[in-house]
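Worksheet: one structure, shown below.
The values are calculated or read from the model by the stated rules, or taken from the named source; none is laboratory data. What you are looking at is a predicted structure, and each value in this text was computed from that prediction instead of being measured. Positions of Cβ are backbone-derived with ideal geometry, glycine not excepted, and every protein chain shown enters the neighbour counts. Accessible surface is based on the protein model in full, side chains and every heavy atom, while ligands, DNA and RNA are left aside. Shrake-Rupley method; radii C 1.70, N 1.55, O 1.52, S 1.80 Å.
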Amino acid sequence: MKEDNRLILISGGTASGKSLISDIVKEQLETKGEEATIIRMDNYYKSLSDLGEEDVNKVNWDKPSVFDWDQLLIDIDILLSGKRIERKKYCYKTGIYGNEKILLTPKKNLIIEGIFIFRNKKLRNKATQLIYVDVDPKIRMQRRMERDSIDRYDESFDEKKFVDRWKKVIQPMHKRYVKKTRKYADEIINNDNEINKEKKLEIIKKIINNK
């Protein structure tokens, strides 16, 4: 990692808006004339090619072991060394990597977003800034329900089953693996609603101007 490079980690619970915040951070950096690349942990799930569709729908997507941490760390080191990488995009519906490709190029700023990203001590020690996106659990549940009904389950989505799964699996996993890492954050952004949009932007500008 070059001395003037910046590594920004963005974490938070499922459906907290990490992707949105990372996009805003990238946009604000670029308005300053600083290029940025985003790595999304959602493209580092382990392949489930050995499972059928029914079993894929039963996968617990909310625990650290479902991610390919080794490959993520390898790719981050490659980017920090100044080389580009190419990855295939992960498909939640099938649990495998499709043909669509994502090109990641080394830039001055590398943004990594994901629910478990603060759990990796090596990355925390390398990071310039750690941002946690905080959202009320009820709002996250509604956002996750809407997302899953479109991106993961289609016609097989059952709202009652989802609410039961949220209570028994998703939220307990959050408390066990994600919420505890909030303590590592340099900055915490509340992303409950659009009323705080200007405040969020103010915090983000402060973050990227603070080296």
Picking from 143, 124, the residue that is open to solvent by 60 Å² or more (accessible area, probe 1.4 Å) and in contact (Cβ under 8 Å) with a residue 40 or more places away in the chain would be 143
Among (1) assigned to a strand (DSSP E or B); (2) out of contact with any Gly (no Cβ under 7 Å at 6 or more places or on another chain); (3) of a type in the set (A, V, I, L, M, F, W, C), residue 133 falls short only on (2)
Of all strands (runs of 3 or more DSSP E) fully inside the range 1-96, the set with 3 or more residues that are out of contact with any helix residue (DSSP H, G or I) (no Cβ under 6 Å at 6 or more places or on another chain) is 36-40, 85-91
Per the list (1) among the hydrophobic types (A, V, I, L, M, F, W, C); (2) at pLDDT below 95; (3) within 18 Å of residue 15 (Cα to Cα); (4) assigned to a strand (DSSP E or B), residue check on residue 162 breaks on (4)
Scanning the range 104-120 for residues that are in a strand (DSSP E or B) and of a type outside the set (S, T, N, Q), the one surrounded by the most Cβ atoms within 10 Å (Cβ to Cβ) turns out to be 113
Subset of the range 167-211, residues closer than 24 Å to residue 121 by Cβ, of a type in the set (A, V, I, L, M, F, W, C), assigned to a helix (DSSP H, G or I) and at pLDDT 85 or above, comes to 173, 178
Going through the range 49-100 in order, the residues found to be more than 29 Å from residue 7 (Cβ to Cβ), without any contact (Cβ under 8 Å) to a residue 60 or more places away in the chain, surrounded by 14 or more Cβ atoms within 10 Å (Cβ to Cβ) and of a type outside the set (A, V, I, L, M) are 94, 95
